């Protein structure tokens, strides 16, 4: 970790370990997410990103280590953790037969919330889906489905949201739509932990970036702090600052 965070942490992970039979996935993961911030957990396929999210979401138990979410322990206070979070997986979990509004109303009713229609209309407005709200989701583009998926996950106003590779399979325009939605979440006070293997996504969205490699967090800091790990390269008398891609390949590529 390059620098300590001054604001209170909503997610705190210490010494997390997890193995599946003879395969060790997590080897002592430490990470914190400050309240109202976006932290990107960056890593290659198989690095263990989804395993971390599943443990934090109480879907999987760690072999060792501790984790708290919104002040609740993920093992002994699992029910409280589940009430505090929302999890959006790699693929949109929406009902294509229903309209966008009907999807939102259904989830609000399942959560026993009053004024389900009002809640649905507000989320359609917030995620720029008002015009599409009356259409079946089967007619939506990938970006619209993902925005609807994220909107559904916010019903009940969870203080913490986990996004597991939220732009998987999306085209560039749809990715930009999702990025804007995620930034608006944090601006509204929601704490966001997202996993990604896209360097540009982490660079564009995150307040802090943690790189997970071979089961451990090998670096954790702001984009500016990560760039300071490599010296600037001078090309034809013009100083070229290192990119996040340069940092990632230097740290991860050099460890294989």
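Quick notes on this one:
- There is at least one residue in the range 78-88 that is in contact (Cβ under 8 Å) with a residue 12 or more places away in the chain, touching a helix residue (DSSP H, G or I) at 6+ places or on another chain (Cβ under 9 Å) and within 24 Å of residue 23 (Cβ to Cβ).
- Unique residue being modelled with pLDDT of 95 or more, over 30 Å from residue 144 (Cβ atoms) and touching a helix residue (DSSP H, G or I) at 6+ places or on another chain (Cβ under 8 Å) when the list is 3, 62: 62
- Per-region count, the range 148-184, residues part of a loop (DSSP other than H, G, I, E, B) and buried (at least 16 other Cβ atoms within 10 Å of the Cβ): 9
- Taking the range 219-256 as the range and being more than 18 Å from residue 200 (Cβ to Cβ), modelled with pLDDT of 65 or more and loosely packed, with under 11 Cβ neighbours inside 10 Å as the test, only 231 passes.
- For beta carbons closer than 6 Å, sequence separation of 6+ or different chains, a first residue in the range 15-44 that is touching a residue at least 12 places away in the same chain (Cβ under 8 Å) and on the phi > 0 side of the Ramachandran plot and a second that is surrounded by fewer than 18 Cβ atoms within 10 Å (Cβ to Cβ) and outside any strand (DSSP E or B), the qualifying pairs are 36/189.
- The residue list 81, 75 contains one member that is at pLDDT 95 or above and in contact with a strand residue (DSSP E or B) (Cβ under 7 Å, 6 or more places away or on another chain), which is 81.
- Looking only at residues in the range 203-218 that are in contact with a strand residue (DSSP E or B) (Cβ under 8 Å, 6 or more places away or on another chain) and more than 18 Å from residue 186 (Cβ to Cβ), the one that is surrounded by the fewest Cβ atoms within 10 Å (Cβ to Cβ) is 218.
- For residue 61, the conditions (1) free of Cβ contacts under 8 Å to residues at least 24 places away in the same chain; (2) part of a strand (DSSP E or B) all hold with the exception of (2).
- Odd one out for residue 105 among (1) modelled with pLDDT of 90 or more; (2) closer than 28 Å to residue 35 by Cα; (3) not in a loop (DSSP other than H, G, I, E, B): (2)
- Counting the residues of the range 186-201 that are more than 20 Å from residue 12 (Cα to Cα) and in a helix (DSSP H, G or I) gives 4.
- Selected residue (criterion: farthest from residue 185 (Cα to Cα)) from residues of the range 117-147 that are assigned to a helix (DSSP H, G or I) and without any contact (Cβ under 8 Å) to a residue 12 or more places away in the chain: 139
- Exclusive hit being outside any loop (DSSP other than H, G, I, E, B), surrounded by 14 or more Cβ atoms within 10 Å (Cβ to Cβ) and within 14 Å of the chain's Cα centre (by Cα), set 29, 11: 11
- Search result, residues across the range 52-94 that are over 21 Å from the mean Cα position of the chain (by Cα), over 19 Å from residue 31 (Cα atoms) and surrounded by fewer than 16 Cβ atoms within 10 Å (Cβ to Cβ): 76
- Some residue of the range 191-202 being farther than 25 Å from residue 55 by Cα, surrounded by fewer than 21 Cβ atoms within 10 Å (Cβ to Cβ) and at pLDDT 85 or above: yes
The values are calculated or read from the model by the stated rules, or taken from the named source; none is laboratory data. The structure presented is a predicted model; accordingly, all values stated were derived computationally and were not measured. Ideal geometry is used to build each Cβ from the backbone, glycine not excepted, and the neighbour counts take in all protein chains shown.
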